[in-house]
Amino acid sequence: MRRRILAVAALSVAGLTLAACSSDGAEGAEEDQSTPDGPITLDYWAWGTAQQPMVEAWNEAHPDVQVVHTDAGGGGDSSAKLVTATRAENAPDVAIVEYNTLPAMIVAGVAADISEYTGDLENEYAPGVWSQATFDGASYGVPQDAGPMALTYNQARFDELGVEVPTTWAEFAEAAEAVREADPDTYITTFAPAEFGGFAGLAQQAGAEWWTVEGDTWTVGIDSDASLEVADYWQDLIDRDLVLAEPLLTPEWNAALNAGEILSWPAGLWAAGVLNGIAEPMAGDWAMAPLPQWEEGNPSVAFQGGSAVVVTTSAEYPEIAAEFAAWMGASDEAAAIQIEQGQYPASLAGQELTLESDPPLLMPQQEDYWAVAAEIAANTVPEISWGPNVNVASSAFQDAMSAAVQNGTPLREALATTHEAVVEDMETAGFTVATD
Amino acid sequence: MATSTVSPLTRPLPTAAARLGPPARPRRIWPSLVLLIGALYCLVPVAWVVIASTKSNSELFTTFTFAPGSGLLDNLRDLFSYGGGQFAQWALNSLIFAGFGSVACTLISTMAGFALAKYTFPGRQIVFYAILGGVLLPGITLAIPQYLLMSEIGLAGSYWSVLLPSLISPFGIYLARVYAGAAVPSETMEAARIDGAGDARVFSAIALPMLVPGMVTIFLLQFVSIWNNFLLPFIMLSDERMYPLTVGLYTLLSKGSGTPSLYSLAIIGAAVAIIPLVVMMLVLQRYWRLDLISGGLKG
Amino acid sequence: MSAEIAAAPPDRARRRPRSRWVAPYTFLLPAGILFIAFLAIPMVYALYLSFRGLRVTGDGPFGVQEETWVGLSNYVATFTDPEFLAGFGRLAIYGAIAVPVTLGLALTFALLLDLPRVRGARFARTAIFIPYAVPGVIASLLWGFLYLPSTSPANWLLGQLGLPELTVLDGGILFGSVANIAIWSGVGFNMIIIYTSLRGIPGDVYEAARIDGASEWDIAYRIKIPLVGPALVLTGLFALIGTLQVYGEPTTLRPMTNAISQTWVPLMKIYRDAFVRDDLSLAAASSVVLALGTLVLSVLLLRITQKRTFGES
């Protein structure tokens, strides 16, 4: 069980020397970097419908580097498998990793520092996007898709009930009340207690920073005032029975959505694609608007979901693997396929490409869909950092929040429980955590 | 089982196979009724899978649960074209794992069970208790160490990593021991030995034919357990072309954020996946010798 | 497990030629190698892991992660985790429903099938057995659909009758709903075991009773049930082991309700520790505890019932 050493300081030094020219860096000496003679094969783990056609396009254009794509399960399953596979020295060369699990992948020695190969790739991305795969100056992945949060809503039903689409969260609460009055079977939205990523996004939009690191010391802000206020906001809506406090995307939820009894979903831009999968006949009824704001006039939103292409520490040819990762993340060809499959590209060029595309299948009538999306993407929270144990946070959060909703105890307390679990886990693992 | 068709008047009394009540009693309705309710309870969910497999993704959530949908052919086409024909590959993999695995496991278990039942040798009791202990271990607790060890020998991710651990079934050995103890008379073995047969010959020519019904049972139990196994292949395999059906269907339902679960595909896949197993059950049912399981406790 | 029914008598064994002495070991060899490789070694390895742990040492925000000896701290964590203990509590409730109902239904069906001249017995036997062929992943998915209010046919029926909806994935009924999946999958298998041993009883055993005018009920209660005692003990043992290892059903239902946590039963917690939290050592320690618990319970069950079922034999 060889554990990879991850001294970030050492890596950033390596990054600096290599930025000059990668001749004989400390890293390069370890593995033979000479280009192989025959065609080489890269193993690539990724989920989602966009990946296979993208890989095919790459393979066609690069006969010397053939990529074998494997669907190793969705986000959570895939990262769990990456960790075990790395430990067993079976990891693929390249893999997709969700932004919020990337730090855990770095700690577990899965993701390799690719700063020496990224060159000026950084310019292809908005700073907020690029920073999601960068830690302490070192790059660990090439962003591929981004999920800036928006409000996907059932426009037809909003119109029918005579409710305006809210632009602030205060208005959203009023609208929630109006919806309930207009139709007692209908809710404006769902508060799904297990949606860690969604809640984190809303808290980040309100200014919370769940993890920050300064030097060697981590600060955890899961129970910060900003997060607690977000919790209180939803608490109020739940207490007044203005939102549906149930899990998302269950057969039950899908049925209610199809019946027009759930009117909106604050989520990443990928929501349109997901909803289309379960409510295809509703195409034309739905639309997308910017996420309501906590403070009127402050349009910045956080991300929910989205992922980066990561070169693993097991890659035999990291340079070639990084080249593939860069193509998957930032090439126009790849972006075109992504858009076709309903993803929102992370690269600026890719996002520009969307403006020439048709709106998603769920909202063919919304001509300005991509323009609105571009505006949202331009206003994302500049720096979001995730901690090394998002997995622990996410699982503690899901259980604590579900129990709170189930038992009618305050969401605040659930957040505090999550906070404690995260700090305790980091301390057990030996991280330095600031006590506030 | 066929005795119930024999008329009570022509049946010689009393035979070992006799099952009939006194002729005076009329047929009762309530036993049939209770059994029918039980059958309904067991069949309704299966019927649901079949009906739901005819629905398109949105019909699944909008139409009445037991109302047939309009998407059967589309679903079938989608299922078999998904990922370039992956579903057929998964089915083939399941068949390979369960087929080879259960045949080999049956042979291995039978040999071991035969040895335990028909020979006295030092260490026999220890071996037997080790096997009983193996029956009681939860599979999930061994899956991770198994994976790490498989990786050590470079087999993780290969067909072997799923096949090899399925070859050992403590329960199969236990059954084989019980069955061999009851079905192979020591006198027959001894007679063959006096005629000069070696142990290998005694086993293959004398014991094996007597053990066939027990072997069919072990084969079926192991076939079903490999076919339905989820965790082991889920942990061992990372190449989806090697997935068995259970893992493949699971990946249809569990996608990352931003990708919808493919409910209708998973449901038609489930419907197609249980058909061969149900057919096999029905065909082989008559060979089941499950009484040998309970016979074991006396031994 | 006392008498070695058909083993060669010891006096003859002593006179066996050398080849016969080797034979049993040869027959056991393939099974032995596989047993050691895939059960014994992993078990020892799990035991080893349970005393190890990952700790961060060194500098930098992400530091250096190393595996070291941590003594009994994983076991302390296991036993002081209220969720792990609560998991056993939930398991007990679940088992208290699943085990008796599975066995009760299986015995009832088997006895009914064994009655003379029952219409539709063949059909029922096959139908009740079919769920055994349905993989757990699929069984839980389909029951999930049948449970959720808007896709549940039972609720549709209640709605037609003007009755209030029934929520089955919540509160106390939740245990019944989870147990129901296990019952559904398990009744047929257990029924066949009991039924086959009923068929193994010679029919003339009943004749005398019938001639004396005993009802079928008396025969079932006084003769059949005691005679299939061993089968019942065995199915009970399997049901108990199955209960301690329950994992798939609540895991598949979890995304559909707020009421099932990731640590709902002990195995779910073990899975979460190993795969979600990447804490293999803690998972190993909890596994060891669970495996030992299973062993102790099974031995206890066998001890108690053996005495009862077999008397002095």
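Throughout, read-outs are computed from the coordinates displayed, never taken from laboratory work. It should be emphasised that the depicted structure is a prediction, and the values quoted were computed from it without experimental measurement. Cβ coordinates were reconstructed from backbone atoms using ideal geometry, including for glycine residues, and neighbour counts include every protein chain displayed.
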Quiz prompt | Ranked packing of B:102-108, C:88-94, most packed first, by mean Cβ within 10 Å | solution = B:102-108, C:88-94
Self-check item: Contact order relative to length of segment B:27-70, as percent, for alpha carbon pairs under 8 angstrom and 6 or more apart
Solution: 32 percent
Self-check item: Cα-centred dipole magnitude for the protein assembly as shown, charges only on beta-carbon of K, R (+1) and D, E (-1), debye, nearest 20
Solution: 9980 debye
Quiz item: Among B:Tyr147, C:Tyr48, what is the fewest-to-most ranking by other Cβ atoms within 10 Å?
Solution: C:Tyr48, B:Tyr147
Practice problem: Compute the FRET efficiency between C:Thr80 and B:Asp195 as 1/(1 + (r/R0)^6), taking r as their Cβ-Cβ distance and R0 = 51 Å, and round to the nearest 0.05. | Solution: 0.15
Quiz prompt | Loop sites in segment A:377-436: GluC sites (Glu not before Pro), DSSP, at most 14 other Cβ within 10 Å | solution = A:Glu383
Quiz item: How many nm separate the modelled label positions at C:Glu207 and C:Leu292, each set 7 Å beyond the Cα in the direction of the Cβ?
Solution: 5.6 nm
Quiz item: If we count other beta carbons within 10 Å of each Cβ, what is the order of C:Thr126, A:Thr250, A:Thr217, fewest first?
Solution: A:Thr217, C:Thr126, A:Thr250
Quiz prompt | Helical segments meeting 27 Å axial Cα length and Kyte-Doolittle 0.5 threshold in chain C (DSSP H) | solution = C:82-114, C:173-199, C:280-310
Quiz item: Out of A:Ala267, A:Ala57, A:Ala226, any idea which swings most in a Gaussian network model of chain A, alpha carbons joined below 10 Å?
Solution: A:Ala57
Quiz item: Using alpha-carbon pairs under 8 Å, 6+ residues apart, how would you state the relative contact order of chain A in percent?
Solution: 24 percent
Practice problem: Alpha carbons only, please: Rg and Dmax for segment B:32-133, in angstrom. | Solution: 23.4, 67
Self-check item: the protein assembly as shown - share of DSSP beta bridges that are antiparallel (%, nearest 5)
Solution: 70 percent
Quiz item: Over all pairs of distinct alpha carbons, what does the Kirkwood formula give as the hydrodynamic radius of chain A, in Å?
Solution: 22.6 Å
Quiz item: Going through segment A:326-364, which GluC sites (Glu not before Pro) have at most 13 other Cβ atoms within 10 Å and a DSSP loop state?
Solution: A:Glu356
Quiz item: Average projected area of the Cα convex hull of segment A:62-171, in nm²?
Solution: 11.4 nm²
Quiz prompt | Nearest 10 degrees, 0 to 90: helix A:51-61 Cα axis against chain A principal axis | solution = 40 degrees
Quiz item: With point charges of +1 on the Cβ of Lys and Arg and -1 on the Cβ of Asp and Glu, referenced to the Cα centre of chain A, which listed residue (A:Ala138, A:Thr312, A:Asn379) lies farthest in the positive direction of the dipole?
Solution: A:Thr312
Quiz prompt | Calculated P(r) of the protein assembly as shown - Cα pairs past 39 Å, % | solution = 50 percent
Quiz item: Restricting attention to the alpha-carbon atoms of segment A:123-253, what are Rg (one decimal) and Dmax (integer), both in Å?
Solution: 18.0, 55
Practice problem: Convert 4 °C to kelvin, take the viscosity as 1.567 mPa s, use the Kirkwood radius over C-alpha pairs of segment A:189-334 as Rh, and evaluate the Stokes-Einstein diffusion coefficient in µm²/s, rounded to a whole number. | Solution: 71 µm²/s
Quiz item: Counting DSSP beta bridges in chain A, what percent are antiparallel, to the nearest 5?
Solution: 65 percent
Quiz item: Among C:Glu249, C:Glu66, C:Glu83, whose mean-square fluctuation peaks in a Gaussian network model of chain C (Cα, cutoff 10 Å)?
Solution: C:Glu66
Quiz prompt | Cα-Cα P(r), segment B:86-295, percent of pairs per 10 Å interval | solution = 8, 28, 31, 21, 9, 3, 1, 0
Practice problem: Could you sort C:106-112, A:119-125, B:211-217 so that the peptide with the highest average Cβ count within 10 Å comes first and the rest follow in order? | Solution: C:106-112, B:211-217, A:119-125
Exercise. Over segment C:42-143, calculate the relative contact order: mean separation of alpha carbon pairs under 8 Å at least 6 apart, over the residue count, as a percent.
Key: 13 percent
Exercise. Can you tell me the 0 to 90 degree angle between the C-alpha axis of helix A:75-87 and the longest principal axis of chain A, rounded to 10?
Key: 20 degrees
Practice problem: Note the per residue figure in Å³ for the convex hull of the C-alpha positions in segment B:27-70. | Solution: 73 Å³
Quiz item: Scaled to the compact-protein estimate 2.2 N^0.38 Å, what is the alpha-carbon radius of gyration of segment C:136-248, rounded to two decimal places?
Solution: 1.51
Practice problem: Grab the beta carbon distance between C:Ala92 and B:Ile96, set R0 = 41 Å, and tell me the FRET efficiency rounded to 0.05. | Solution: 0.55
Quiz item: Assuming a viscosity of 1.567 mPa s and a temperature of 4 °C, what translational diffusion coefficient in µm² per second does Stokes-Einstein assign to segment C:74-310, Rh being the Kirkwood radius over Cα pairs?
Solution: 65 µm²/s
Quiz item: Measuring from a point 7 Å past the Cα of C:Tyr48 along Cα-to-C-beta, which residues in segment B:116-159 have an amide N at less than 17 Å?
Solution: B:142-155
Practice problem: Please arrange B:Tyr129, B:Tyr179, B:Tyr243, C:Tyr25 by counting, for each residue, the other beta carbons lying within 10 Å of its beta carbon, fewest first. | Solution: B:Tyr129, C:Tyr25, B:Tyr243, B:Tyr179
